1. One-quarter of the Cα convex hull surface for region 177-220, in nm²?
2. Where the centre of each part is set by its Cα atoms, how far does region 80-101 sit from region 168-227, in angstrom?
3. If each residue of separation counts as 0.36 nm, what is the full-extension length gain between residue 145 and residue 173 once their alpha-carbon separation is subtracted?
4. Report the label-to-label distance for residue 97 and residue 238 in nanometres (one decimal), using points 7 Å from each Cα along the Cα→Cβ vector.
5. Can you compute the charge dipole magnitude of the chain about its Cα centre, using +1 on each Lys and Arg Cβ and -1 on each Asp and Glu Cβ, nothing else charged? Give it in debye, rounded to the nearest 20.
6. Given R₀ = 22 Å, what would the calculated FRET efficiency be for residue 85 paired with residue 199, taking r from the Cβ atoms and rounding to 0.05?
7. For a test of understanding, tell me how many lysine pairs in the chain have Cα atoms under 22 Å apart, given they are 8 or more places apart or on different chains.
8. Quickly work out the residue 220-to-residue 187 label distance, labels modelled 7 Å from Cα along the C-beta direction, and quote it in nm with one decimal.
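The numbers here are math on the coordinates, done by the rules we state, and not lab data. Worth saying up front: this structure is predicted, and the values here are computed from it rather than measured. All Cβ positions, glycine included, derive from the backbone under ideal geometry; neighbour counts span all protein chains shown.
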Amino acid sequence: MKKPRGIILYEGPSNLTGDPIVVVAVLKSGNRKTGNMVQTYIIRSDMDPVAAIKLVADDAVCGGCASRQSVGGHCYVNVGQSVLAVYKAYKRGSYVEAKGEALEYLVGRSIRFGSYGDPAAAPTFVWKMLAGLASNVTGYTHQVAHKSFDRELLNYCMVSADTPRAALAQHAKGVRTFRVKTPEGSLLPNELECLAESEGLTCIECGVCNGGDGKNVAISVHGTFENRYIDRYSKANIIAVG
């Protein structure tokens, strides 16, 4: 078959709210930080992602994440560009279903879980299947406290932490974290600075954020709304460090 632009991995109810969602794997990426990873987008299938943010209906794909732009958070994703483009392509029928030859295009690829949206919104079997095909995966979740959270997902995803205290609470449970910090904030003793930030490596070149085993990672907040994080969490980044 002709190489598809993207593959539909799941269509059905969100694990977080029950609203309809779709998970799409886009096979080519120009993302300079990640490199040419397969990017997976978790979006509502019944409304465009910009509208979902305006209506605060993005909880179907992002749960109660405090980083959501819809609730004044600092999420760096430019939803009006790549995410909206994926939604429009999905509605045009530009993507193929995840079966037969289509899956061969995922074999041996480095795959990013949740380029937009939280992997916990979709059934874990989706991510387990992808991990079995991929050479390497990266993924992060904010949903460990959600009543429907499947802890098997921690085999493939690190826990997103917004403060040192939140990260330490997960470390005490033996869970890896990827933490956002203020630019001047210190690393915890058991953290590694994201190598994209410290050494300019792409995620494909690095491979540290590969699921349940390995080091904890921290990165300075970035993106259009980074000041929202700094305003909210600057003190929290000072208290609990050390």
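1. Numbers: hull surface 12.0 nm².
Result: 3.0 nm².
2. 30
3. Values: separation 28, 0.36 × 28 = 10.08 nm, distance 1.32 nm.
Contour length minus the Cα-Cα distance gives 8.8 nm.
4. 5.7
5. Working: 27 positive and 22 negative charges, 56 e Å.
About 260 debye.
6. On the way: r = 30 Å, r/R0 = 1.39.
That gives a FRET efficiency of 0.10.
7. Number of lysine pairs found: 26.
8. 1.4
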